[in-house]
Amino acid sequence: MRLNPQAEQLNAAISASGAAVMEMLSRRGRAIYFPRQGILAQSAEAHGRRINATIGTALEEDGAPMSLRCIADQVRLEVASMVSYAPSFGQPALRQTWRNMLERKNPSLAGQSFSLPVVTS
């Protein structure tokens, strides 16, 4: 795998500070870097590539959104709904679920007027 020059510079700096850290990084870990030219430049560079993890979108090998299983197991939503970009105020169904949970855990809220919680991924 050919690395981006920015990733190569970062790897050199990591190696200089502690070779043991470099040994712990996977091939993919060594290819990751924070783009100096900014997110928009990175997005343009990644467009159409086999792996595109720009602007918070990380995908598994099969194209499914990447998630932590320990968190995904606690939420009764499709992983794509849970970690993909959402409207500014969040997914309406998730907002309603959270409100219902608040009312269930806090009986004093029953009959009170309050808005749906704002939930975003």
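What the table shows:
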{"read-out": "Residue selected from the stretch 31-51 under the condition assigned to a helix (DSSP H, G or I) and open to solvent by less than 60 Å² (accessible area, probe 1.4 Å), by the criterion modelled with the highest pLDDT", "value": "ALA31"}
{"read-out": "ALA13 at pLDDT 85 or above and in a helix (DSSP H, G or I)", "value": "yes"}
{"read-out": "Residue in the stretch 1-30 that is surrounded by the fewest Cβ atoms within 10 Å (Cβ to Cβ), counting only those that are closer than 22 Å to GLY63 by Cα and in contact with a Lys or Arg (Cβ under 9 Å, 6 or more places away or on another chain)", "value": "MET1"}
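The values are calculated or read from the model by the stated rules, or taken from the named source; none is laboratory data. As the structure is a prediction and not an experimental result, all values here were calculated from the model. When we count neighbours, we look across all protein chains shown, and the Cβ atoms used for this are built from the backbone with ideal geometry, even at glycine. Calculation scope for accessible area: heavy atoms of the full protein, side chains included, ligands and nucleic acids excluded. Shrake-Rupley method; radii C 1.70, N 1.55, O 1.52, S 1.80 Å.
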